[in-house]
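The values are calculated or read from the model by the stated rules, or taken from the named source; none is laboratory data. In this text the structure is predicted, and so the values were computed from the model without any measurement. Positions of Cβ are generated from backbone atoms using ideal geometry, with glycine treated the same way; all protein chains shown enter the neighbour counts. Ligands, DNA and RNA are stripped out before the accessible areas are found, and what is left, the full protein with its side chains, is counted by its heavy atoms. Shrake-Rupley method; radii C 1.70, N 1.55, O 1.52, S 1.80 Å.
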Amino acid sequence: MSNITVCVRFRPLSLKEKRVHGDSVCIMCSDAESFVFKDEKEEDLPFCFDRVFYQDSAQADVYEFLALPIVQDTVKGLNGTIITYGQTGAGKTYSMEGLGILDCDENKKGLLPRVVDGIFECIKSSPEHSNCTVKLSMVEIYMEKVRDLFDLSKDNIQIKENKSQGIMLSGTTEMSILNPAEALKFLFRGISNRAVGETQMNVSSSRSHCVYMFSIQQESALDKRVKSGKLILVDLAGSEKVEKTGAEGRVLEEAKNINKSLSSLGNVINALTNGRGNHIPYRDSKLTRILQDSLGGNSRTALLCCCSPSSSNASESLSTLRFGTRTKLIKTPPRTNTRDANEGKDFLLQVTDNQTEGNSFE
Ligand code: ADP
Ligand code: MG
């Protein structure tokens, strides 16, 4: 069984799609896991995923199916990743943040504020809750550079690998969080900084990938062992084909780089689905390097493929659905607990379907 859950979410038709284009909806719901998609040639294509969220789906349902199990695992010391994918305007940020991080209508709250509540609720019921620290870092990947969203002067963060913690962003600002309200304040700050940086550089957020990283450490009062879980959420840049014809200078560079990160993601997924023993090109882009643990390694991952239901966006939606279908084919190799013989003390416990223990080191 795969550690990757792939879901699809269709947003409602936008006013523009309804009024200006007079578009029709190009999907027919079959059930909670499958639907029929009418492509541009009016052909019916059946699709099946772990769960399909249709136009009237509630934010809470998306959270409960896709994120809650991962949050629970992260607090047990496992790694988890939640990724939103799709063309610009498909609902990635709506799903991730909701309609604003602060003061948002309860029903409109996205995954992030719910994840924050979930982390603290799970911690409360954990036996080690009194010795727990939660930290948050936020970075943005734009033009293959990683920028710290809590300190915009750190605009070329390096990605490193460490035996006990896996992939890490070296030197990023980490905010210690004591409660959900504080987490929301920091998330709001990071998101606002992202907008400031974008204005300075004249970049649209649809062109960059935003990475939210929570790390949760709990020390057992009994034996002092530390459980350490990492939860990464990624709001990807728009997956639409960027028009290169006529583009020059930075716009052309930008187009190539966005394609680079997302096409590297596609290449990594293809390599992972082609069986074991292949070279997996994680190092081809910053995005795939950050997601290295998530896609092939010690992590549970959920991919939310966001789509417009409109016939005028059928070709981009189809490409998103095909990306999701390929991702579903990733088979993570059988996992065993491994112990680092050189260091003796470090353990990297890997995920198995029934495993409840996580990364821990003394
Ligand atoms: P993306 O981040 O993929 O570019 P957004 O999340 O910004 O797209 O969504 C585009 C627009 O559609 C926004 O106005 C957003 O509020 C709206 N929207 C997206 N998904 C939904 C949804 N499931 N229900 C209601 N409105 C949505
Ligand atoms: Mg967005």
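Hey, can you grab everything whose amide H is under 5 Å from the amide H of LYS154? Only 5+ residues off in sequence or another chain; H modelled, so Pro and N-termini drop out.
Correct list: ASP148.
Against the longest alpha carbon principal axis of the chain, how many degrees, from 0 to 90 and to the nearest 10, is the axis of helix 314-328 turned?
30
Would you mind telling me which residue in LYS41, LYS328, LYS109 has the biggest mean-square fluctuation in a Gaussian network model of the chain, where springs connect alpha carbons within a distance under 10 angstrom?
LYS41
By how many nm would the segment from ALA221 to ASN179 lengthen if fully extended, with 0.36 nm per residue of separation less the alpha-carbon distance? Walk me through the numbers on the way to the answer.
Numbers: separation 42, 0.36 × 42 = 15.12 nm, distance 2.10 nm.
Computed gain between ALA221 and ASN179 is 13.0 nm.
Beyond 20 Å, what percent of the Cα pairs of the range 1-137 remain?
Numbers: 5167 of 9316 pairs.
Considering the range 1-137, 55 percent of its Cα-Cα pairs are separated by more than 20 Å.
Taking all protein chains in place and a 1.4 Å probe, what share, in percent, of the accessible surface of the chain do carbon and sulfur account for?
Accessible surface attributable to carbon and sulfur in the chain totals 50 percent.
In whole Hz, with x marking every Gly and Pro, tabulate ³J(HN,Hα) for the range 190-202 from phi via Karplus 6.51 cos²θ - 1.76 cosθ + 1.60, θ = phi - 60°.
In residue order, the calculated couplings are x, 5, 5, 4, 4, 5, 4, x, 5, 5, 4, 9, 6 Hz.
If ligands, DNA and RNA are left out, what is the accessible area of THR133 with a 1.4 Å probe, given in Å² to the nearest 10?
Taking all protein chains as shown, THR133 has close to 70 Å².
Determine the sum of side-chain charges near CYS307: Lys and Arg each +1, Asp and Glu each -1, restricted to other residues whose C-beta is under 10 angstrom from that of CYS307.
Neighbour charge sum, excluding CYS307 itself: +1.
Measuring from centroid to centroid over Cα atoms, what is the spacing of the range 9-56 and the range 78-117 in Å?
21
Amide H neighbours of LEU45 under 5 Å, at least 5 residues apart or on other chains, H built in the peptide plane: list them.
Close amide H contacts, sequence-distant or interchain: PHE37, LYS38, ASP39.
For the range 95-106, just list the computed ³J(HN,Hα) in residue order, Karplus coefficients 6.51, -1.76 and 1.60, θ = phi - 60°, integers in Hz, with x standing in for Gly and Pro.
Values per residue, Gly and Pro as x: 5, 6, 9, x, 8, x, 7, 9, 6, 8, 3, 3 Hz.
At 7 Å along Cα-to-Cβ for each site, give me the label-to-label distance between THR88 and LYS331 in nm.
Placing both labels 7 Å along Cα→Cβ, they lie 3.9 nm apart.
Show GLU140, GLU106, GLU253 ordered by accessible area, largest first, where the area counts protein heavy atoms only and the probe is 1.4 Å.
Working: GLU140 5, GLU106 110, GLU253 80 Å².
So, going from the largest accessible area down, we get GLU106, GLU253, GLU140.
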